[in-house]
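Throughout, read-outs are computed from the coordinates displayed, never taken from laboratory work. No experiment lies behind these values; they were computed from the predicted model shown. Cβ placement follows ideal geometry from the backbone for every residue including glycine, while neighbour counts extend to all protein chains displayed.
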Amino acid sequence: MSAKSFMSFDRMITPVIIKVLFYISVALAIIAGLVVFFGGIVTAFTDNNFWMALGGLIGGPVVIVLGVLFSRMYCELLILWFQIHSTLVEIKDELKKA
């Protein structure tokens, strides 16, 4: 990408940034799920509480799955805006040619 196209906003760079942020949010969801999973198990053994262990065993995977799912949905919505923009630019260019 040239400096001219960068400065004149001819090409969008945000979709690339959104994809990077998606991978970061997936990593954060996995870390959060593992913290819930092992935190519930460790707390269950220290407090001798069965429900904390069960909460960690169920809550950890749920946090991972929902975190990745919601992150993906949010990023898809953001990318959709940019796809709509590029489609509108293509339509505008075609109308100028006609």
ask   = Among all the lysines, which ones have a C-alpha under 29 Å from residue 19's C-alpha, if same-chain residues fewer than 8 places away are not counted?
value = 4, 92
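Could you calculate the FRET efficiency of residue 32 with residue 54 from 1/(1 + (r/R0)^6), where r is the beta carbon distance between them and R0 is 25 Å, rounded to 0.05? Walk me through the numbers on the way to the answer.
Working: r = 18 Å, r/R0 = 0.74.
Computed FRET efficiency for residue 32 and residue 54: 0.85.
Exactly which chymotrypsin sites (Phe, Trp or Tyr not before Pro) in segment 1-86 are in a DSSP loop and have at most 15 other Cβ atoms within 10 Å? Please report the intermediate quantities before stating the final value.
Details: sites: 6, 9, 22, 23, 37, 38, 45, 50, 51, 70, 74, 81, 82; in loops: 9.
Here the chymotrypsin sites (Phe, Trp or Tyr not before Pro) that fit, given the DSSP loop and packing criteria, are 9.
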task = Provide the net charge surrounding residue 2, with neighbours chosen by a C-beta distance below 14 Å and charges set as Lys +1, Arg +1, Asp -1, Glu -1.
result = +1
remark   = Dividing the mean separation of Cα pairs under 8 Å (6+ apart) by the residue count of the chain yields a relative contact order in percent of 29 percent
ask   = Any idea what angle helix 14-47 forms with the longest principal axis of the chain, computed on alpha-carbon atoms, 0 to 90 degrees, nearest 10?
value = 0 degrees
Listed residue (70, 48, 87) projecting farthest to the positive dipole end of segment 14-97, Cβ model = 87
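On average, how much area does the Cα convex hull of the chain cover when viewed from any direction, in nm²? Let's see the in-between values first.
Working: hull surface 33.3 nm².
Dividing the Cα hull surface by four gives the mean projection, 8.3 nm².
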